[in-house]
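Take a look at the structure set out below.
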Amino acid sequence: MTSHPETSRTLNLALLGYGKMGKTIAQLGPQRGFEVRLIMDIDVNRNYAGITPQNFQGIDVCLEFTTPDAVLENIRRVAALGCNLVVGTTGWHDRVDEVRKLIESSGVGMVYAANFSIGVQLFYRLAREAAKTFAEFPMYEPYSTEAHHRFKKDAPSGTALELKRQVQPLLPGREIPVASVRAGYLPGSHEFGFDSEADTVILRHTARSRQGFAEGALYAARWIVGKKGFYSFAEVLNL
């Protein structure tokens, strides 16, 4: 991980979205050298009314964890104010090129990820290496599974889709099926496996809490201060 000059100053954050992730970030932020100056849930930011120069005065970074139907307009309006962003909302990654152009033309900085867990980013890296290794052995069929609590709205998860996006090109001719489970209060887990008639090899990541995601988002927030450009979280971590 690269060092940067903003390691000691208390940074002022705006939270767009105050669901479970937003609340975890708000709780952890002060322990990590951040002051959460602005919190906007769906009521405060109804019709994007909360994204104003007055509200964002003195804000260093805006963390966006809302919904797919709101995220693009939130990004556009925050960038227009000249405020850097960290975006954890999923469901828009088919429009990455459009958002990249928007960020670059606005002269701000943005970090995005389907999953801000540092462990998940390392999981992606291991999955890519596994795919390269198993590519030479066609008797092993790749697959991906993911399980989450019944309250999670999207299926497959953004993390599972990102995993497939990264490893599918490394396994030409072998489609990677993705299976999803939504039940009870299951912790988030993702598996990437290879199965043959003789044996099975599995990589697995299981999240015990949302703290790992919040830690990564706050790391990205500190990293992006003072920078311009459009970055994936993997680039921030040099992965």
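The values are calculated or read from the model by the stated rules, or taken from the named source; none is laboratory data. This structure is a prediction, so every number in the text was calculated from the model and none was measured. All Cβ positions, glycine included, derive from the backbone under ideal geometry; neighbour counts span all protein chains shown. Please note that ligands, DNA and RNA were not included when accessible areas were found on the heavy atoms of the full protein model with its side chains. Shrake-Rupley method; radii C 1.70, N 1.55, O 1.52, S 1.80 Å.
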If each of Ser8 and Thr200 carries a label point 7 Å out from its Cα toward its Cβ, how far apart are those two points in nm?
5.3 nm
Specify the angular offset, from 0 to 90 degrees and rounded to the nearest 10, of the alpha carbon long axis of helix 118-134 from the longest principal axis of the alpha carbons in the chain.
30 degrees
Take the alpha carbon atoms of segment 30-62, find their center, do the same for segment 75-134, and report the distance between the two centers in whole angstrom.
20 Å
How much accessible surface area, in Å² rounded to 10, belongs to the heavy atoms of Asp94 with a 1.4 Å probe?
130 Å²
Run the quick spin-label model on Met139 and Val44: label points 7 Å from Cα toward the beta carbon, then report their separation in nm to one decimal.
5.9 nm
Antiparallel bridges, percent of DSSP beta bridges restricted to segment 84-218 (to nearest 5)
65 percent
I need the peptides 111-117, 99-105 ranked by packing, meaning the mean over residues of other C-beta atoms within 10 angstrom, with the highest value on top.
111-117, 99-105
Just subtract the alpha-carbon distance of Val181 and Gln31 from 0.36 nm times their residue separation and send over the number in nm, one decimal.
50.6 nm
